[in-house]
């Protein structure tokens, strides 16, 4: 029987940061958003989600964002953000892809400890919580007394749904649906251009995940959000990785990643591109020095790429607002 376990300790903090802050972001709405606005411009919009429906009576002027994707998409759509959950791994608190950067007095909210008083003092007319962590979603009713709240979309299969639907959902709530479509189109064009500029990636195999505590946590789900993104670049999820998920023998983290112990890290050998997020230099060195890894040419051949939290979360939970950041980062890795 497959065991779903919560990862403890420092790695749990990393996974909570890299995944939970965005894990609801890819969920698909009850009714797929169409390619055109459902409500006439200037009229109230009503959006269905996992907590019911939210009606936004007019274009919001003061938006609070409670998750990474919420902040990234809202910033890309150029709406006024008055308070936002900060990225705890970055000194300025800004999530990857947020340009221009939010002011220090805006990126002030903790990603896991709701401060409802501070949110209320920001006087929002819309609260985006599509990618919020569990504690914020637990406070949904109290947040709704402050302003309309856009909760995660109702999910049928969150792990295999593109982030584009979330951009459409947020765009509709912000009365900027057409701009959201433009954002998605620009993202698609950037992905196509990168793939055309890097034909050597076509058909290459990849693995993506995290490492810590002596174990790797791999995304082994075909059709996952990361798989959809990297497939656009020509990369194929390595069959030895998908086999891990297919057998059902391996434990999974609470976030759905397959947990691979140090004695089985040779599963990475033979894969063309291995992207692994670590907590820092010490953890990165530990991975390289694992006997099973050291016994391969993964590192010396340049196939093993150790990446930081920003790129890791953007690859595992991509959305069109971070496509540029992802492609620039991959380019710097030599991909």
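Here, each number is a calculation from the coordinates, and none is a lab measurement. Here the structure is a predicted model, which is why all the values come from computation and not from measurement. Positions of Cβ are backbone-derived with ideal geometry, glycine not excepted, and every protein chain shown enters the neighbour counts.
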Query raised in the report: When 232, 193 are ordered from fewest to most other Cβ atoms inside 10 Å of their Cβ, what list results?
Result: 193, 232
Query - Unit Cα scatterers, Debye sum, the stretch 42-174: log10 I(q)/I(0) for q = 0.15 Å⁻¹ - result: -0.64
Report summary line: Residue separation between residue 178 and residue 292 times 0.36 nm, minus their alpha-carbon distance, gives in nm 36.0 nm
Requested in this report: Along Cα→Cβ, 7 Å out, is where each label goes; now give me the distance between the ones at residue 202 and residue 58 in nm to one decimal.
Outcome: 5.4 nm
Query - If the convex hull is drawn through the Cα atoms of the stretch 63-130, its volume per residue in Å³ - result: 76 Å³
Report summary line: Residues of the stretch 284-312 with backbone N under 11 Å of the label point set 7 Å from the Cα of residue 240 along Cα→Cβ are 293, 296-298
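What FRET efficiency do you get for residue 99 and residue 121 if R0 is 35 Å and r is their Cβ-Cβ distance, rounded to the nearest 0.05?
Details: r = 26 Å, r/R0 = 0.75.
That gives a FRET efficiency of 0.85.
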Query raised in the report: Can you pull the Rg over Rh of the stretch 198-332, Cα-only, Kirkwood?
Result: 0.93
